[in-house]
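Trainee: Mind looking over this structure? Questions follow.
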Amino acid sequence: MVNYGYSFNDLISINLLTLVFYMFSMKNLYLIIFSLFLISCHHKETTEQSSTLTQPDYQIEYPSNWRMDESGKLGTIFILINESDSVQSDFNQNINLVRQDLPKETPDLEIFVKSSENQIKDLKNSKILNSVETQLNDKNAHVVEYNAELSGELLHYIQYYVVEGTQVLILTYTGKPNNYTNQEEILNILNSFKYE
């Protein structure tokens, strides 16, 4: 018998380590493949459960449990209403889009934001939580997040302001502060908004 410097126990240990390494590698490979499968299934479900409103000058994606209203109520371009809220609450979360002309003497986003913040401060029990410059699908924008009371009810708002020529688009989320548990879903809707 030829001796290569390894005892029988050493050979068993090396073979076991090789086997464990192989199993570990295969296990990871199967785990990675399984994870990718789950992610692709989840993406497919998300896609199948969402809708897209596409108009000539804007587009927005939203979950199928939100209802789209383009009737122009209250001067809106559209209102998205979370239908699943009506079961749990007397107030439905909503997202709406309005368009306003900028004052001719101040066609500037920064001045418009300051004016809007002053109006927010005049609302009952208002508190501005966040106000920052941002991008909304490659457009310069400003987002203001605040709480304020309306008709005796404390509400949570997120407003994006985007200047387009002589107009400002105002994309607004409204909901109760305690209903803001689906924050990721809401931010996904808001961030899907595209304006041409």
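What follows draws every value from the coordinates through simple rules; no lab data is involved. Remember, it's a predicted structure, so these values are computed and weren't measured experimentally. Ideal geometry is used to build each Cβ from the backbone, glycine not excepted, and the neighbour counts take in all protein chains shown.
Trainee: Would you mind classifying segment 88-196 by shape? Square roots of the alpha carbon gyration tensor eigenvalues, ordered a ≥ b ≥ c; an a/c under 1.5 is rounded, otherwise it is prolate if a/b is larger than b/c and oblate if not.
Mentor: Since a/c reaches 1.5 but b/c is at least a/b, the shape of segment 88-196 is classed as oblate.
Trainee: Nearest 0.05, what FRET efficiency do residue 164 and residue 117 give at R0 = 22 Å with Cβ-Cβ as r?
Mentor: 0.60
Trainee: How would you classify segment 54-125 from its alpha-carbon gyration tensor, with a ≥ b ≥ c the square roots of the eigenvalues: rounded for a/c under 1.5, else prolate if a/b is greater than b/c, otherwise oblate?
Mentor: It is oblate, given that a/c is not under 1.5 and a/b is not larger than b/c.
Trainee: Hey, another quick one. Whole Å is fine, so just give me how far the alpha carbon centre of segment 159-196 lies from that of segment 120-151.
Mentor: Answer, in whole Å: 10.
Trainee: Under a Cβ-Cβ cut-off of 11 Å, what is the net charge of the residues other than residue 159 that fall near it, where Lys and Arg count +1 and Asp and Glu count -1?
Mentor: Around residue 159, the surrounding residues sum to -2.
Trainee: Points 7 angstrom from Cα along the Cβ direction at residue 71 and residue 127: gap in nanometres?
Mentor: 3.5
Trainee: With each label point set 7 Å from Cα along the Cα-Cβ vector, what nm distance links residue 105 and residue 55?
Mentor: 3.1
Trainee: Would you tally the net charge around residue 57, using a Cβ to Cβ cut-off of less than 11 Å, leaving residue 57 out, and scoring K and R as +1, D and E as -1?
Mentor: Once positives and negatives cancel, what remains is 0.
Trainee: Just to be sure I understand the model, the point goes 7 Å from the Cα along the line to the Cβ. What's the resulting residue 194 to residue 149 distance in nm?
Mentor: 4.3
Trainee: Now, a different point. As a footprinting exposure proxy, order 124, 104, 176 by other Cβ within 10 Å, with the fewest listed first.
Mentor: Arranged by neighbour count, lowest to highest, 124, 104, 176 become 104, 124, 176.
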